[in-house]
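The values are calculated or read from the model by the stated rules, or taken from the named source; none is laboratory data. Keep in mind that this is a model prediction, so the values were computed, not measured. Cβ sites come from the backbone with ideal geometry, for glycine too, and all protein chains shown count toward neighbours. Remember, those area values only see protein heavy atoms, side chains included, never the ligands or the DNA or RNA. Shrake-Rupley method; radii C 1.70, N 1.55, O 1.52, S 1.80 Å.
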Amino acid sequence: MNSGPVVGIITNMNSKKNKSGRYRKEVLQPILGDLGVVIDTYSLEEMSEAVAKLREMNITFLGVNGGDGSLQKVLTEWIRQGGEESIPRIIPLAGGSTNALILYTKRRAEPPTVTLKKFVRKFQTYSLLYMENNLLKVTLNGEDIPPQYGITFANGVIYKFVELYLSNNKPGIRWVLRTIMEVIGGITMRIEKYLYYLEKINAQVTVDDKKYPSNQILASILSTLKTPFPTLTVFRNIERNVDQFYYIVTDLKFPTVLNNIHNIFFGMGEVVKGPNSGEFWIGAANRVIERTREGFMLDGELYKPAECEDIIIESGPTITLTVI
């Protein structure tokens, strides 16, 4: 049994919500008291040092207080240092893509101060509950980086939208939905700057040894969550085993996408296609290989491989989520 802190919080002070200092160490540490330790970080090097420090403390619970990509970066570094079996129980703290994990636990996103106060109260009254979910393991053959771990992988049109979202300083879900409709309107009117989002990327995709029929795709989405993006329930009707993840691979043409947009975004029915509409693969898989050098997103973090030959996405280790 731990004699020291059982909770470790790593704060990404560069994230949008933390730049004001509202959730810095001086604010969060008094909430945890002797129960935990909070470490503010300003760089990837400091984050790596924080992981090493918390591993030495042998903490039981880990929270990552940041934005898009922060939890993914910390989990990847934790596994790099200690292996896939070393991950502590996760306290999901609101921010960016972590909000999808909070929705998965049937809770709503709240400020980190509120979440930690609830955690302390439940910990002290032995009333914590837990849920499990697996990670994706993303290996980039040809790149000099270790495997990356996260919840949702996407490329093609999704990558382009996330790139636009980040360039606008992460304006929120309303902006996302409004921009999607704006782009759809722009493509319908054949406005050149919007046509960029409809350009397919070069990618040879294999899903569990079955090769996708085209060498170009509009997008692929792979996730261990039925709701990989807030409000978009694309995998509503798909079931998976515990060692699988959900996937979509598509090269649908724009008129078909437009005619099926409600079914695609919210998983409300079959995608209706014509003879020349393209393919729309959706289901559950254990392994997807994408031969491409195009950029991709992993939990809000953008990657632009330079020498990558294959991107291999597999079902990764299981994490335990604390339900707050």
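Brief remarks on what is shown
- Close pairs (6 angstrom Cβ cut-off, 6 or more residues apart or separate chains): at positive phi and at pLDDT below 90 in segment 301-324, surrounded by 15 or more Cβ atoms within 10 Å (Cβ to Cβ) and not in a loop (DSSP other than H, G, I, E, B) anywhere: none
- In segment 281-300, the residues that are open to solvent by 20 Å² or more (accessible area, probe 1.4 Å), at pLDDT 95 or above and either assigned to a loop (DSSP other than H, G, I, E, B) or under 24 Å from Tyr165 (Cβ atoms) (or both): Ile282, Asn286
- Residues that are hydroxyl-bearing (Ser, Thr, Tyr) and either part of a loop (DSSP other than H, G, I, E, B) or under 13 Å from the mean Cα position of the chain (by Cα) (or both), drawn from segment 219-245: Ser223, Thr224, Thr227, Thr231, Thr233
- Candidates are the residues of segment 17-35 that are more than 26 Å from the chain's Cα centre (by Cα), open to solvent by less than 50 Å² (accessible area, probe 1.4 Å) and not hydrophobic (A, V, I, L, M, F, W, C); the one that is nearest to Phe123 (Cα to Cα) is Gly33.
- Residue-level check: of (1) over 25 Å from Thr105 (Cα atoms); (2) open to solvent by 10 Å² or more (accessible area, probe 1.4 Å); (3) part of a loop (DSSP other than H, G, I, E, B), Val257 misses just (3).
- Remark: pairs (first residue in segment 29-47, more than 18 Å from Leu75 (Cα to Cα); second residue in a strand (DSSP E or B); Cβ separation under 6 Å; 6+ apart in sequence or on different chains) = Gln29/Val38; Leu32/Val7; Leu35/Val7; Gly36/Val7.
- Odd one out for Lys106 among (1) open to solvent by 40 Å² or more (accessible area, probe 1.4 Å); (2) out of contact with any Ser or Thr (no Cβ under 8 Å at 6 or more places or on another chain); (3) of a type outside the set (A, V, I, L, M); (4) farther than 19 Å from Pro230 by Cβ: (4)
- Residue check, Thr250 surrounded by 15 or more Cβ atoms within 10 Å (Cβ to Cβ), in contact with a Leu (Cβ under 8 Å, 6 or more places away or on another chain), among the polar types (S, T, N, Q) and closer than 24 Å to Asp310 by Cβ: yes
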